[in-house]
Structures are given as C-alpha cells and as structure tokens.
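The values are calculated or read from the model by the stated rules, or taken from the named source; none is laboratory data. Here the structure is a predicted model, which means the values were calculated and not measured. Neighbour counts are summed over all protein chains in view; Cβ atoms, including those assigned to glycine, are modelled from backbone coordinates with ideal geometry. Note: accessible area is taken over every heavy atom of the protein model, side chains too, but ligands, DNA and RNA are not part of it. Shrake-Rupley method; radii C 1.70, N 1.55, O 1.52, S 1.80 Å.
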Amino acid sequence: MKLYSTKNPSTRVSFKDAVFNSMPQDKGLYMPVNIPRLDDKFLNNLDGYTLPEIAFHIAQHLIGDDIPAYDLKAIIKDAINFLAPVVKLEENIFVLELWHGPSLAFKDFGARFMSRVMSYFLEKGEKKLDVLVATSGDTGGAVALGFLGVPNTRVTILYPKDKVSEIQELQLTTNGQNIRAVEVDGTFDDCQALVKQAFTDAELNEKFRLTSANSINIARLIPQTFYYFNAYAQLLKQGISKVIFSVPSGNFGNIGAGLLAWKMGLPVEHFIAATNANDTVPEYLKSGVYQPKPSVATLSNAMDVGDPSNWVRIADLFKDDMDELKNLVTGYRYDDDETLAAIKFINDDYNYVACPHTAIAWQALRDWQQDNYKPDTAGVFLSTAHPCKFPDVFPESIAAKIDIPEQVADLHKKEKQATVLGKDFEGFKRYLLENE
C-alpha cells in the first residue's frame, strides 16, 4: 500500500510509515494512492460473509502485501471481536449500534485495529512509540483500552477540561500503566492543535518517536469502513439493497470512512452529515465557503469540533468537485434543545434510549426522509456511543431505563490520575520533555 499527502500528491510512503508517522511534515493527511473497487460478486453477496470476513477482505485490498494474509486475519480476529448489529425501529428506519466494544463507543473499531497494527510493526529493540491523542470524548477511552499494556508503547491523551462526561473522563484517567492523561484548560480544538504542533516540532521528533491515535491516522480510518459494509450485508439479508447513512459528525473521520467505502464500491444512495452547533461542514455544503470556527460546548460533546481534521480527506476524495460532493452528502445541524427533543421522541416512539450524538443522526435522517422519502430505500443512522456514558443528559424517566454495563460500574471504584495544563504549546512541550 502506497500513500500520499493531501498537500503533496507526488509523495509516496508505505503503510507502515504512514501508521507510525501519522501526519506528514507538510501538515497534510495520508491518503491511498489507489483506492480499489471491490468486485461485484463480493458486493452482491455480502450477506454471506461474517464481519471479520468482510473486514479481512476490505483490509487486504487496501493494505495489500504490507501485512501477510495470515497475520492480517489474526489482527482482525483479535481487534474486531464484537458485533455491530443493525436494529429495525420502524419501516425504513434502522439504527446501526456501534457501541458493543470494550469502551462502549464506535472508536473501538479504529483504536483496536490500529493498536494491533502498530504492535505488529514494532520490532524488538526499537525506540519506544509515543502515541499522542486528542479527544473530545470517546476517542481517548477507546485508545486507552486499545493500547493498555501494549509493550514498548506509551499513550498521552489530551482532553478538554470540564467538556467530557464523567464516565468518559474516568475511561481516560484511571488506566495507569502505559496510559497517561492530560487535562487541557481549553477546547478539543486546542487539544488537537497541541498534538498537531508536536508532530512538526523538531526537538520533540528528535527525542521521541511520535505518532497519533486520532482519526488523522490512516490505520484508524480503514477499519471504520468495515461496519458500513457489514451494515449493508445485514440489510441484504432482509431483502434491502438500497441504503442511506446518517452519520453523527465531529472530526469527520466516521463519515470519511463511509465515503471511502462508497469509493470502494459500496452502493450507498446518500450520506447525511449530522452535526451539533459546530456546523462548519453543513454551512460549507450550503454556501460553498469553508470557514472553520472556534468549537462550542454542547450535550453531544464528542462532536464539538469547529475545525474537523478529516474534511481535507473528504475534499481530496472528490478532488474539490463541489457538485459531486453535494449530490452525495447533505448536512444538517441541531442545537441542544433539538437534541433533547429527539432523545425524547426516540424514547416515546420506539422505547429506545439514544445517546445525544445518536439522536442527532436520527433527527437528520427523519428530516432528510421528509423531503426525499423512497419506499425501497432503508435509512440507517449510526449510534456511536452507549447512552450510559451521558447520564446527565437524560431526564430521570429515560435514565432509569439505561442498563449500566459492568465495566462502567467498576470505573467508579478507580482513582482519577491526570495532569492539568494550559493550552499553550510550550507548556505541553515542557511536560513531554520533563516526563520522558
């Protein structure tokens, strides 16, 4: 597998290099030189494959010989060892539950696959791998559990102070071992900026072997395509061959993976990018002007991103062809009051409890279907996190219905360990140098 930087299409690096050096020095993002189109026989018979079989087929076509088939199968078997069921709520409305992994969030797909790929490529005697990751909520917990105990690695998680839920914070800060947490007095965008600046700092790169576990890393993006193909496979079993996906979107890696799946031949009719008040992309899709802005805090905190990193990948997929992009992707945005109303409606109508991110995706799907309803097309909205991670969001009558998984109950028995820093880069750099 060869990859190039979105800022310099003539560059060429191997998959291993892109995984370990997650962001090019020119500050672009890595993209595959060739995006293979999967053959029709496979696509038309997806319903005959399991999730691990689908994952292996996709990964092998993208990664090629960089990881031999036997080893790649073993990585996938270990990483993707949980289900992602499609649940029917009403005619032509389905929810894709992506929170059945250990951290109870869709980020488990990317984090577990990436950690095992990195471990596979690490060789004895090599310099310790320092993984930096910024999180707006769920990424950090998934990365922490994905890398916990992995030899010769150390993970530093940056998260915004007072802007993640209590359970999300406990998932970030109670691991110990090779996982450490930094509580930044700022926003997710500030955390992300610190990580990006570290990757281009000469002194830090000389001293440490830095890589990212954010969705800027191509090893996070690839496994997220798996569940789009698997969802389609589940629909085929029900005689449904047309689908649209509504994707709760923050840093735009999730919908970016869906669009990559589409490029590989997955027959998706349409994508919906559903955001909260951080609506940089919906505004762009309406106006044609891309204008990042400071993020604002919302109930759907994992989507509080004002300058989504992965948008450059999506633009690159379409080579800035605005018309093709707008034909395939529609953007919607919702504020907190609308999010709460959606949560209540989903509970009242379906007796189903949806986290705030999931509720936004459902509302966007309903709004899109009102104007574009097609009786032969299934609408699937992605449920990205277990509702137990956001207990303060729900009214008591809905909160009482939420089953608390055992691993969440155990978190409250552990002690928080985090270093508090400001949002200035010099302070973060000093922390890294003084805590090697």
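Descriptive notes on the structure:
- Considering all C-alpha pairs of the range 161-240, those separated by over 22 Å amount to 50%.
- Mean-position separation - Cα centroids, the range 160-175 and the range 284-320, in angstrom: 24 Å
- Loop sites in the range 60-135: trypsin sites (Lys or Arg not before Pro), DSSP, at most 11 other Cβ within 10 Å: 124, 127
- Translational diffusion of the range 351-436 was estimated from the Stokes-Einstein equation, with Rh taken as the Kirkwood radius over Cα pairs; at 20 °C and 1.002 mPa s the coefficient is 125 µm²/s.
- Positive-end residue of 280, 139, 30, charge dipole of the chain with Cβ unit charges: 30
- Cα gyration tensor shape for the range 1-143, rounded if a/c is under 1.5, else prolate or oblate: prolate
- Our note on the geometry: Cα centres of the range 371-431 and the range 88-140, 14 Å apart.
- Computed packing ranks the peptides 292-301, 376-385, 352-361 as 352-361, 376-385, 292-301, most packed first, by mean other Cβ atoms within 10 Å.
- Violating pairs (Cα-Cα greater than 26 angstrom) within the set 7/128; 107/263; 16/263: 7/128
- Backbone HN-Hα couplings from phi across the range 216-226 [Karplus 6.51/-1.76/1.60, Hz, Gly and Pro as x]: 5, 7, 4, 6, 7, 6, 4, x, 6, 5, 4
- Solvent-accessible surface of protein heavy atoms, probed at 1.4 angstrom with all chains present, puts 12, 220 in the order 12, 220, largest first.
- For the range 180-319, the fraction of C-alpha pairs farther apart than 25 angstrom is 36 percent.
- Magnitude of the charge dipole, the range 364-436, Cβ model with Lys/Arg +1 and Asp/Glu -1, debye to 20: 20 debye
- In percent, rounded to a whole number, the relative contact order of the range 306-436 is 17, using alpha-carbon pairs under 8 Å and six or more apart.
- Among 289, 322, 121 the positive-end extreme of the charge dipole of the chain (Cβ point charges): 121
- Per residue solvent-accessible surface (Å²) - the range 98-226, probe of 1.4 Å: 27 Å²
- Taking every alpha-carbon pair under 8 Å whose residues sit at least 6 apart, the range 236-330 reaches a relative contact order of 32 percent.
- Think of each Lys and Arg Cβ as +1 and each Asp and Glu Cβ as -1; about the Cα centre, that makes the dipole of the chain roughly 1160 debye.
- Rg/Rg_ref, the range 257-391, where Rg_ref = 2.2 N^0.38 Å and atoms are Cα: 1.07
- Look at the Cα gyration tensor of the chain: its axes a ≥ b ≥ c give a/c under 1.5, and that counts as rounded.
- Computed over the chain, relative contact order equals 19 percent, with contacts defined as Cα pairs under 8 Å that lie 6+ residues apart.
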